[in-house]
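The values are calculated or read from the model by the stated rules, or taken from the named source; none is laboratory data. Not measured: the values here are computed from a predicted model. Reconstructed Cβ throughout: ideal geometry from the backbone, glycine too, with neighbour counts over all protein chains shown. In case anyone asks, the SASA skips ligands and DNA or RNA and just uses the protein heavy atoms, side chains included. Shrake-Rupley method; radii C 1.70, N 1.55, O 1.52, S 1.80 Å.
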Amino acid sequence: MREIEPQVIKIAETNLCFEGVQRMAEFYGAQDWLKRSRELQPNDTEFLIELAGRSCYRSFGVGLNPNVTRIRDNPKDYLTNVLEKGDGSILEHATVTFAFLNVSRIFTHELVRHRTGTAISQESLRYLRPRDIDIWLPQDLKTVSGEFEATIEEIKARYRGLESKFDWDQMNFEQKKRITSALRRILPNGLATNIIWSANHRTIRWVIEMRTDPSAEIEIRTVFGKVAEICMKDYPILYSDFTPKQLPDGTFQYVPKFSKV
Ligand SMILES: Cc1cc2nc3c(=O)[nH]c(=O)nc-3n(C[C@H](O)[C@H](O)[C@H](O)COP(=O)(O)OP(=O)(O)OC[C@H]3O[C@@H](n4cnc5c(N)ncnc54)[C@H](O)[C@@H]3O)c2cc1C
């Protein structure tokens, strides 16, 4: 058994095609707004969300739509008002991709329950035959870590025993896949795996709120605590209403002022 820790790595995010944004601003007669607001808002994600929102009412400046007599010039005021009103659909324009590494099948099973606004690629345990049992030892089991480790070693020995009954060198890939998939039935739920998860910001806000709640499972709470930290740092206005609250087990709950926008 190898004891591991879940990791969260941000691997991609939405970027602007600035030449296209300039052409769009010309179309709307919003060049002044573009110049002003780009200086105030260098963050591509937050800029795109604001741009999409303003396109709905042409609220790039007074006079572009006769019904608009005043606008919120400052990106922070604009996006805070969006969150306050719950106009969350524009947050769906920008996404982030995370690699969740060394997470358990328990974690991935809970993660995939979040359906809307997500894309998922999970490591295949039909194709991948584990060499070892990598596993995270939750704090709640630290006092019985010896017994825990012995149990995992026993499973590993049994797995290796069954595995050795097959002549892997004589099998084609399809046969290997079938046996690998059959054998995984005896592996523990806690077995470490990897999953790539993309989600838009409306979804990320919601999943942080749900999965850092004190009633959520500790592994997913730990992982989404890390997601919350990354998002609060990289998209400071979009996540400005989240407050971390330390829980008795040392993990954090991230509570938004504006729930489920
Ligand atoms: C602490 C905790 C304990 C849980 N315990 C259990 C359990 O014991 N058993 C269990 O089965 N699950 C459990 N879950 C999972 C939970 O029931 C949800 O399936 C999961 O959290 C996904 O959230 P969501 O329903 O908001 O869906 P998401 O996919 O995250 O969707 C976001 C929102 O979009 C809307 N939406 C999405 N799909 C639809 C749809 N088809 N129709 C209409 N509106 C939609 C809803 O407003 C939804 O809230 C638990 C979750 C938590 C956080």
Of (1) within 24 Å of Ile195 (Cβ to Cβ); (2) in contact (Cβ under 8 Å) with a residue 40 or more places away in the chain; (3) open to solvent by 30 Å² or more (accessible area, probe 1.4 Å), Ser215 fails just (2)
Run His114 past the list (1) more than 16 Å from the ligand (Cβ to nearest atom); (2) assigned to a loop (DSSP other than H, G, I, E, B) and report the number of the one that doesn't hold. (1)
Which of the numbered conditions does Thr108 fail, given that it passes all the others? Conditions: (1) in a helix (DSSP H, G or I); (2) open to solvent by 10 Å² or more (accessible area, probe 1.4 Å); (3) within 30 Å of Ile133 (Cβ to Cβ). (2)
Single residue of segment 69-91 satisfying the filter (assigned to a helix (DSSP H, G or I) and among the acidic types (Asp, Glu)) that is farthest from the chain's Cα centre (by Cα): Asp77
List pairs: first in segment 32-58 and free of Cβ contacts under 8 Å to residues at least 12 places away in the same chain, second open to solvent by 30 Å² or more (accessible area, probe 1.4 Å), Cβ under 8 Å, 6+ apart or cross-chain? Tyr57/Asn65; Tyr57/Asn67
Considering only residues that are of a type in the set (A, V, I, L, M, F, W, C) and either in contact with a helix residue (DSSP H, G or I) (Cβ under 8 Å, 6 or more places away or on another chain) or within 23 Å of Gln139 (Cβ to Cβ) (or both), look in segment 182-191 and name the one that is farthest from the ligand (Cβ to nearest atom). Leu183
Hey, can you tell me all the residues within segment 192-214 that are more than 9 Å from the chain's Cα centre (by Cα), within 15 Å of the ligand (Cβ to nearest atom) and either of a type in the set (A, V, I, L, M) or closer than 26 Å to Asp134 by Cα (or both)? Met210, Arg211, Thr212
All but one of (1) at pLDDT 95 or above; (2) within 16 Å of the ligand (Cβ to nearest atom) hold for Lys233; which doesn't? (2)
Need pairs with beta-carbon distance below 7 Å; first residue β-branched (Val, Ile, Thr) and within segment 98-124, second within 12 Å of the ligand (Cβ to nearest atom) and in a loop (DSSP other than H, G, I, E, B); sequence gap 6+ or separate chains. Ile106/Glu217; Ile120/Val112
Sole exception among (1) exposed (fewer than 12 other Cβ atoms within 10 Å of the Cβ); (2) assigned to a loop (DSSP other than H, G, I, E, B) for Asp32, by number: (2)
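Each row is one residue, and each column tells you yes or no for (1) over 28 Å from the mean Cα position of the chain (by Cα); (2) open to solvent by less than 100 Å² (accessible area, probe 1.4 Å).
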residue: Pro138; (1), (2): no, yes
residue: Asn172; (1), (2): yes, yes
residue: Arg178; (1), (2): yes, no
residue: Arg184; (1), (2): no, yes
residue: Leu187; (1), (2): no, yes
Could you list, in sequence order, the residues of segment 215-229 that are among the β-branched types (Val, Ile, Thr) and away from the ligand (no atom under 12 Å from the Cβ)? Thr222, Val223, Val227
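Out of the residues in segment 140-170 meeting the condition of being farther than 20 Å from Arg2 by Cα and of a type outside the set (Lys, Arg), tell me which one is surrounded by the most Cβ atoms within 10 Å (Cβ to Cβ). Full working, then the answer.
Going residue by residue through segment 140-170, those that are farther than 20 Å from Arg2 by Cα are 162, 164-170.
If we keep only those that are of a type outside the set (Lys, Arg) as well, we get 162, 164, 166-170.
Numbers: Leu162: 13, Ser164: 9, Phe166: 15, Asp167: 8, Trp168: 12, Asp169: 5, Gln170: 7.
By that ranking, first place goes to Phe166.
Is it the case that Thr108 is polar (S, T, N, Q), within 16 Å of the ligand (Cβ to nearest atom) and on the phi < 0 side of the Ramachandran plot?
Details: polar (S, T, N, Q): yes; within 16 Å of the ligand (Cβ to nearest atom): yes; on the phi < 0 side of the Ramachandran plot: yes.
Here the answer is yes, as Thr108 does meet what is asked.
With the condition kept exactly as written, say whether any residue in segment 120-130 is assigned to a helix (DSSP H, G or I), within 16 Å of the ligand (Cβ to nearest atom), within 23 Å of the chain's Cα centre (by Cα) and surrounded by 11 or more Cβ atoms within 10 Å (Cβ to Cβ). Break it down into steps so the answer makes sense when it comes.
In the first step, residues of segment 120-130 are kept if they are assigned to a helix (DSSP H, G or I); the result is none.
No, segment 120-130 has no match at all.
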